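**Q** Here you go, one structure.
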Amino acid sequence: MRWGLQTVSFILSRLLPALFLWGAMWVSAQEASLPYSPERPLDINHATFEEIARLPIPRELAERIYYRIEYQGPLKHIYQLTQIEGMTPELFLRLKRLIRVEPYLPKTEREARIERLYYKLDRWEGNEGTSQALIDAWIEQALEPLNVNTITYDQLLNLQGVSPVDAAAIIRYRREVGKITGLRDLRNAPYLSYFGYRNARDFLTFEEPDKKREFHGHLLVRIHNTPFFTEEAEATAIIPAASIENNYPDVYTRFMGSWGRNVKVGFSFWHALYEPVIYQDLGFARIPRPKFYLGVENQRLGPIQVRKLYLGNYTLAFAQGVVMENTDFFLPRKSGFGFRKRFIGLSGDNSRTRQYKLSGIATELQLANAHLFLFGSFDSRDAILNRTPVKLDGQIHYPVNQFIVLDQRFRYAPGDVNRERLGLSWRDAVRELLYGFRFRYDLLPATRIGVTYYESAYDRLLRPDIYDIVDPQNANQLRLADGEVFQAYGGPISDGRNPFWKAARSFRRVYGVDLQSVFQNVAIQMEYAELDKSSPFTLFRKNPRAFVASAYVQYNSFYLLALFRDYGLGFDNPYQRSFSNYRRYKRTIFERYFYLQNPLYGQLYTNNPQPQAEKGWYFYSRYQVNRKMVLTVEYDNWLRKADDASQFRLVGTLNFRPIFPITISLRQKYQGREKQNRLTTDYFENYEFRGMVRARLSRFDELGFIYSSSVTRFRPRPRLYYPLKMGIAYERVNTAGNMASPGEALGGFFTHNFNRHLKVKGFLGYYKGFFWNFEDTQFLVMDSDRGALRMWLSVYSRISNQLSMRIKYTRDYAYPITYFHARDADNEEIPSTGGRYYQGDWIQPTQDFFYLEFSYHF
């Protein structure tokens, strides 16, 4: 790694003020944590061991005081301290001024679990990379655990870190022994891994829980101004200032509550950064448009059990996500295992999903081993409409070109004056009526077969047209619009009426079958689906299809996942969220937003939650060699259907703990795309190394360093190299162009727990090029051609047992520019003066971000 003098000087000039700032905050925190005083005495009955240990007494005596209160009950008066072994008159007189004895307030079971699991709640509540339905289920079931002797296979499968093999092992063992009596008994379940046992035990109880009805809930408020990912930020920066109605930050509020164990209620509201506030008209008032739901669970209707019934906004996910999973967010390599799980079944929806939210009614019914899901929804969808109208029923009609997930839901695409003049809003541009069912039969507790079907009706025709998306000036670039674009669903085959809705003008119909089975320590899953394009409607004809199958083998120290997927180009299902490495429209003209009629139309790719049409194998394995070493290997090899280009991804990780407090993590990735291909010249190779050294200190403190190095090689791109013009005069200076994109980063991080209620995290590092990182509860992607210094500091405080707060401040200093190339508004170079192309200046972009989070349990 080469660090120039200017770079070192730049880092030091920013490092010293940062260290001074952190030092001042450290001193302030230390002053705030000084020993107790008569004006600020310690409440001894409610103190933790760490708080008692800070009293001016020997540690052994602090332990005896803590155990006396913990196991014999709270003190009634201060003089009971004299009965504790080791307490001398001198120590007692010293303590008498520093402590107070308050009546002990016993904690409820829920409060006790919050106290015991606060560190997990901290991690879950700030998690932005996992299904919101999963997070809600984990929080709810951790605070109100389920009886292991009545829990279902599906409920176990949705728990954190519990695999299908683990879930089946618990159900099978329960049937064998009749009743599981405790943790030791649970640990004896054959084929239950230690990892699955440790994760499941936080959500389970072994006695029937108290059935008295109380109202409990969780409220979360999150506010920040963190920008979008790199590629989205470039397009977003082009938004005209006149189109931005406010400078409000990103605000996300969600609430989930329960009355007893059978009634659920929730609401959420999300306002994205700088977007206009969208209101809901109630007739007597206008409020910001929320999402809400009301649910009833586990009710009897004669022999039929109503397992779930939800009104309002709800979320669905079935099998492998090929037919139905309604979320706006794409998660690469979503296998359904480990950190790539999905919430299976029906749940209330208070997530940030807005485009594909389901609004209506849904239910899950059970009769013996048969399960039936029925669902219906009516809502509006965002879409780009064609500017060229058609005649429909004697009237002018503007069809849907493409559905789109928007970062900021402006009424019109900023800068698209043609559609604005025609009144063609992309927000709530088309209405959708969706209904369907899922039938599943459990042959055995962990062996089931299912059928899923849904149909959508729209009040506009579907007419995908690339010429109404691409800027006419870039018509010569339509070669980039490959088969994945041209195979978008629509055209006359989609035209049709609906018997339940007179306004319907087009439809989409998807159906599929799935199978899942677990035998001992092996789990097999598969799903097959088709998009109906036959006329008349006929099952399983030559329609666009999709298929996913996986096999999972698990031992205590080793597991292996093998997955195969094959998605047809024409399988354009907006609710498909199954496994893939890339999202739909990757490497098409939609990815190059600068060729489109509006840069924000690039969100057709950047925000597309559908998987790419690909075919290939994926393998993932983890092996714990011993207590000190863990190896993981991930290999993916697939064919992109649109151009038959073969691609691969290989990732290896080594976690090594040479001595107890030190952990060394090494990660190497090699990813690429084949060079020789008859349909495309696109090619790249990516090498990425990431090393981390982490020291785990006392009281869960942590100190670590990270180094990252990467390079992406591709075919020479003259358009990325100065000068941009081609011709005889430039041939000598522009024969190769840019053919690589390197990146490098170095940084350090720390975590310090002052006590169980106050925690501080921080990071300071320098990066140049592409760099991704986990920053406390956020996953962020940065890119800097010149290099930048990045620092952040996060403070997490449990203000009370129920209320917590997190504050994070981030500053990003870009390396200063001492030159710039003069160009006009059309990006044409300004003629040189005296043979010089550059003019001197000092430009240093600096960005400041904040993150604020409040969480309240009751």
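The values are calculated or read from the model by the stated rules, or taken from the named source; none is laboratory data. All figures in this text were calculated on a predicted structure; none of them were measured in a lab. For neighbour counting, all protein chains shown are included, and Cβ atoms are generated from backbone atoms with ideal geometry for every residue, glycine included. Accessible surface areas use protein heavy atoms only, side chains included; no ligands, DNA or RNA. Shrake-Rupley method; radii C 1.70, N 1.55, O 1.52, S 1.80 Å.
**Q** What are the residues in the range 733-763 that are open to solvent by less than 30 Å² (accessible area, probe 1.4 Å), within 22 Å of residue 786 (Cβ to Cβ) and modelled with pLDDT of 85 or more, if any?
**A** Those that are open to solvent by less than 30 Å² (accessible area, probe 1.4 Å), within 22 Å of residue 786 (Cβ to Cβ) and modelled with pLDDT of 85 or more: 743, 745, 747, 748, 763.
**Q** Residue check: is residue 8 touching a His at 6+ places or on another chain (Cβ under 8 Å) and either within 30 Å of residue 743 (Cα to Cα) or modelled with pLDDT of 80 or more (or both)?
**A** no
**Q** If you go through the range 573-587 one residue at a time, how many are surrounded by fewer than 23 Cβ atoms within 10 Å (Cβ to Cβ) and either closer than 26 Å to residue 509 by Cα or without any contact (Cβ under 8 Å) to a residue 24 or more places away in the chain (or both)?
**A** Going through the range 573-587 one residue at a time, the tally reaches 5.
**Q** Please tell me if residue 508 is among the charged types (D, E, K, R) and modelled with pLDDT of 95 or more.
**A** yes
**Q** Then there's this: Is there a residue in the range 154-173 that is out of contact with any Asp or Glu (no Cβ under 8 Å at 6 or more places or on another chain), hydroxyl-bearing (Ser, Thr, Tyr) and open to solvent by 20 Å² or more (accessible area, probe 1.4 Å)?
**A** Yes, the conditions are met somewhere in the range 154-173.
**Q** Can you tell me which residues in the range 614-630 are under 25 Å from the mean Cα position of the chain (by Cα) and surrounded by fewer than 18 Cβ atoms within 10 Å (Cβ to Cβ)?
**A** Residues satisfying the conditions are 615, 617, 619, 621.
**Q** For residue 441, state whether it is over 24 Å from residue 597 (Cβ atoms) and either without any contact (Cβ under 8 Å) to a residue 12 or more places away in the chain or open to solvent by 20 Å² or more (accessible area, probe 1.4 Å) (or both).
**A** Yes.
Here is a yes/no grid of residues against (1) modelled with pLDDT under 90; (2) out of contact with any helix residue (DSSP H, G or I) (no Cβ under 9 Å at 6 or more places or on another chain); (3) not hydroxyl-bearing (Ser, Thr, Tyr):
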| residue | (1), (2), (3) |
| --- | --- |
| 252 | no, yes, no |
| 268 | no, no, no |
| 271 | no, yes, yes |
| 277 | yes, yes, yes |
| 281 | yes, yes, yes |
| 285 | yes, yes, yes |
| 288 | yes, yes, yes |
| 292 | no, yes, yes |
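**Q** Just the residues that are open to solvent by less than 40 Å² (accessible area, probe 1.4 Å) and touching a Phe, Trp or Tyr at 6+ places or on another chain (Cβ under 7 Å), please, taken from the range 205-217.
**A** 216, 217, listed by residue number.
**Q** Another one. Please give the number of the condition residue 457 fails out of (1) open to solvent by less than 30 Å² (accessible area, probe 1.4 Å); (2) out of contact with any Phe, Trp or Tyr (no Cβ under 6 Å at 6 or more places or on another chain); (3) in a strand (DSSP E or B).
**A** (2)
**Q** Among the residues that make up the range 622-636, is at least one of them modelled with pLDDT of 90 or more and acidic (Asp, Glu)?
**A** Yes, because at least one residue in the range 622-636 is modelled with pLDDT of 90 or more and acidic (Asp, Glu).
**Q** Continuing with this model, one more query. Among the residues of the range 379-430, what is the count of those that are touching a residue at least 12 places away in the same chain (Cβ under 8 Å), in a strand (DSSP E or B) and aliphatic (A, V, I, L, M)?
**A** Within the range 379-430, residues that are touching a residue at least 12 places away in the same chain (Cβ under 8 Å), in a strand (DSSP E or B) and aliphatic (A, V, I, L, M) number 7.
**Q** Then there is this: Cβ-Cβ distance below 8 Å, separation of 6 or more or different chains: which pairs start in the range 463-474 with a residue that is among the basic types (Lys, Arg) and end on one that is at pLDDT 90 or above?
**A** 463/386; 463/390; 463/399; 463/400; 463/401; 463/490; 463/491
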